[in-house]
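Below you'll find the structure, written out as structure tokens, and then a few comments.
The values are calculated or read from the model by the stated rules, or taken from the named source; none is laboratory data. On a predicted model such as this, the values are computed, not experimentally measured, just so you know. Glycine also receives a Cβ, built like all others from the backbone with ideal geometry; neighbour counts cover every protein chain displayed.
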Amino acid sequence: MIKSVLWKLSLIVMIGLSPIVQAQQTKAFVRGSLAQIVDQHSGTPFIVSYWSIDCPPCFKELAMWSRLSQQYPSLSVVLVSTDGWELRHTVTKSLSELSVSTLESWLYAEENADKLRFEIDPKWYGELPRTYFYTATGEAEGVSGLIKQTKVEAWIMQHQEAL
């Protein structure tokens, strides 16, 4: 009887905490983080999306990532907020409100954002949103500005077998 009650209680707690368990913890993006992300996703196509809480088009793109990640569960999208680490609570709240908190998420955590940006792409000047489409071999194509969903879906179809 006691075992049955404890089992039911633990089940209720697990169900109640499931949204918390499903949410990804935002990681500190520092020098070397991009190489870590690329290594982690080695052999599979994936997308890295750079965004900020001060970028209205970024919120439109985040909403698109939410829709696409539900429509294509095997799609790997990595979100990197270019806001400082001191804004992590605001960033986390934004991710939750836009239903993308289950996606892998990083947040700039170094004082010199220019060095981070240069490490990501020496040709990138910081305009947002900025999206990189990575092939399974690690080759990347960077695109600045709001990405059209049709472009992303075409990329998904092109890499569907490897996803």
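Scanning the range 132-146 for residues that are in a loop (DSSP other than H, G, I, E, B), closer than 13 Å to A162 by Cβ and touching a residue at least 40 places away in the same chain (Cβ under 8 Å) gives T135, A136, G138.
Which of the residues spanning the range 130-139 are under 16 Å from L116 (Cβ atoms) and not basic (K, R)?
The initial filter retains those residues of the range 130-139 that are under 16 Å from L116 (Cβ atoms), namely 130, 132.
Hit for the range 130-139 is Y132, nothing else.
For the range 25-57, a residue qualifies if it is in contact with a Ser or Thr (Cβ under 7 Å, 6 or more places away or on another chain) and farther than 21 Å from E110 by Cα, and the qualifying residues are H41, T44, P45, F46, I47.
Which residues, counting only those in the range 110-124, are assigned to a helix (DSSP H, G or I), without any contact (Cβ under 8 Å) to a residue 24 or more places away in the chain and hydrophobic (A, V, I, L, M, F, W, C)? Within the range 110-124, F118 is the sole residue that qualifies. For W155, are the conditions met, namely being touching a Lys or Arg at 6+ places or on another chain (Cβ under 6 Å) and modelled with pLDDT of 95 or more? In short, no. A count restricted to the range 38-55 and to residues that are over 23 Å from K148 (Cβ atoms) and of a type in the set (D, E, K, R) stands at 1. Of the residues in the range 126-142, at least one is over 19 Å from F46 (Cα atoms) and at pLDDT 95 or above.
Among the residues of the range 116-134, is there at least one that is of a type outside the set (K, R), surrounded by fewer than 18 Cβ atoms within 10 Å (Cβ to Cβ), farther than 16 Å from S33 by Cβ and touching a strand residue (DSSP E or B) at 6+ places or on another chain (Cβ under 8 Å)? Yes: the range 116-134 contains one or more residues that are of a type outside the set (K, R), surrounded by fewer than 18 Cβ atoms within 10 Å (Cβ to Cβ), farther than 16 Å from S33 by Cβ and touching a strand residue (DSSP E or B) at 6+ places or on another chain (Cβ under 8 Å).
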